[in-house]
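The values are calculated or read from the model by the stated rules, or taken from the named source; none is laboratory data. Every value quoted in this text rests on a predicted model; they were computed, and no experiment measured them. FYI the Cβ positions are ideal-geometry reconstructions off the backbone, even for glycines, and counts take in every protein chain you see. All accessible areas refer to the heavy atoms of the entire protein, side chains included, with ligands and DNA or RNA removed. Shrake-Rupley method; radii C 1.70, N 1.55, O 1.52, S 1.80 Å.
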Amino acid sequence: MNTDHLRALAAAVDEGTFDAAAAALRISGSAFSQRIKALEKDAGQVLLTRTVPVGTTSAGDRMLRLARQVAVLEDETRRSLGQGTGGRTVLSVAVNADSMATWFVEVLRQAATWDDAVLQLHLEDQEHTHELLRSGTVIAAITEDPAPVSGCLSMELGAMDYHAVAASALLDRYRREDGSVDFGAVPVQEFGTRDSLQRSRLAAWRAGQRGQPSGSGASGVGTGGDGTGAAGPPLHQVPTVGGFNAAVAAGLGWGMIPAGQLPEGVLEGTHPDLVAIPELGQSRVTLHWQRWSAGTEALDRLTAAVQQAARNMT
């Protein structure tokens, strides 16, 4: 397949419209359209939806991955042969927010010394970062899924421990006469709609209240603690790491916080305002690094940096 046609496909997705993609490639709109038509004729399928922004069909997703791989390999090979134009290898990586705020910072420190590559980071929940890898949006991802995406390598990095934490004053508002807390009513915080950590811990607590194993259909946020289907506790969404932790400290709701982000004294029970919640327990999330199996010098270097930084994860 013609590499110019593949680059046009990637540009259409990245820029959102054919006109913007043509401008980015410094060609006319007519020439750009001809490249896309030629690629679709070669593939025998429609690859792009003519919407704003431009989207990909299922066949387009597979072709987009090829387009990004070809672009990276071609650019790096040209530079190694002294034929480059001074451009840099683009390393698009999907990272979960908690890693980004903690151990992945060491990767950024190393990347700051690289003159031949730039990072493009995509924030997504660790349960879903592999979807960006599968679609071709990124060339590597930190993911909870150990099963390698087709054409990729998967390697275990380590685990992050999350603890259920709340402000003492918040729990006191929902404390029963016997001293226990009704977690079926205490407000809950989530990072976003894809964040299932809190729901899974609340489901386990509810199952324990009914004397059931946590995997026996116990429900999460949105159903009452008595199993009747009544409305669940208030559910807040706070989509930044700093904001999420600050909101827990302010008493907005309880949430799962990585051990590396906990203020001193929370786990020991000596913090003046925050407490770990033993009734909700903790979750261990094992992370994996998935990357293209086709190696480039820049991607291999990034992989080594990620593996080195991950040693400090726990």
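Of the residues making up segment 103-120, none is modelled with pLDDT of 95 or more, β-branched (Val, Ile, Thr), open to solvent by less than 40 Å² (accessible area, probe 1.4 Å) and part of a strand (DSSP E or B). Here's a check for you: in segment 180-198, which residue that is touching a residue at least 60 places away in the same chain (Cβ under 8 Å), of a type outside the set (Val, Ile, Thr) and touching a helix residue (DSSP H, G or I) at 6+ places or on another chain (Cβ under 8 Å) is most open to solvent (accessible area, probe 1.4 Å)? Among residues in segment 180-198 that are touching a residue at least 60 places away in the same chain (Cβ under 8 Å), of a type outside the set (Val, Ile, Thr) and touching a helix residue (DSSP H, G or I) at 6+ places or on another chain (Cβ under 8 Å), the one most open to solvent (accessible area, probe 1.4 Å) is Phe191. With a requirement of 2 or more residues that are in contact (Cβ under 8 Å) with a residue 12 or more places away in the chain and under 22 Å from Gly151 (Cβ atoms), the helices (runs of 4 or more DSSP H) lying completely within segment 4-83 that satisfy it span 29-43, 58-80. More than 27 Å from Gln290 (Cβ to Cβ), of a type outside the set (A, V, I, L, M, F, W, C) and in contact (Cβ under 8 Å) with a residue 24 or more places away in the chain: does that describe Asn96? When the stated conditions are applied, Asn96 does not pass them.
Gly253 meets the conditions (1) touching a helix residue (DSSP H, G or I) at 6+ places or on another chain (Cβ under 6 Å); (2) surrounded by 20 or more Cβ atoms within 10 Å (Cβ to Cβ); (3) more than 30 Å from Arg79 (Cβ to Cβ) in every case but one. The failed one is (1).
Any chance segment 101-113 includes a residue that's farther than 20 Å from Ala71 by Cα and of a type in the set (Asp, Glu)? Yes, the conditions are met somewhere in segment 101-113.
Only residues that are part of a helix (DSSP H, G or I), of a type outside the set (Val, Ile, Thr) and open to solvent by less than 60 Å² (accessible area, probe 1.4 Å) were counted across segment 121-132, and they come to 2. The residues in segment 137-179 that are over 28 Å from the mean Cα position of the chain (by Cα) and in contact (Cβ under 8 Å) with a residue 40 or more places away in the chain can be counted, and the count is 4.
For segment 1-49, a residue qualifies if it is aliphatic (A, V, I, L, M), within 14 Å of Met63 (Cβ to Cβ), within 32 Å of the chain's Cα centre (by Cα) and open to solvent by less than 50 Å² (accessible area, probe 1.4 Å), and the qualifying residues are Leu6, Ala8, Leu9, Ala10, Ala11, Ala12, Val13, Ile36, Leu39, Ala43, Leu47, Leu48. Among the residues of segment 264-307, those identified as open to solvent by less than 10 Å² (accessible area, probe 1.4 Å), part of a loop (DSSP other than H, G, I, E, B) and under 23 Å from Ala203 (Cβ atoms) are Ile277, Leu280.
The set of residues in segment 138-172 that are surrounded by 23 or more Cβ atoms within 10 Å (Cβ to Cβ) and within 20 Å of Thr89 (Cα to Cα) comprises Val138, Ile139, Ala140, Ala141, Ile142. Residues of segment 110-133 that are acidic (Asp, Glu) and without any contact (Cβ under 8 Å) to a residue 12 or more places away in the chain: Glu131 alone.
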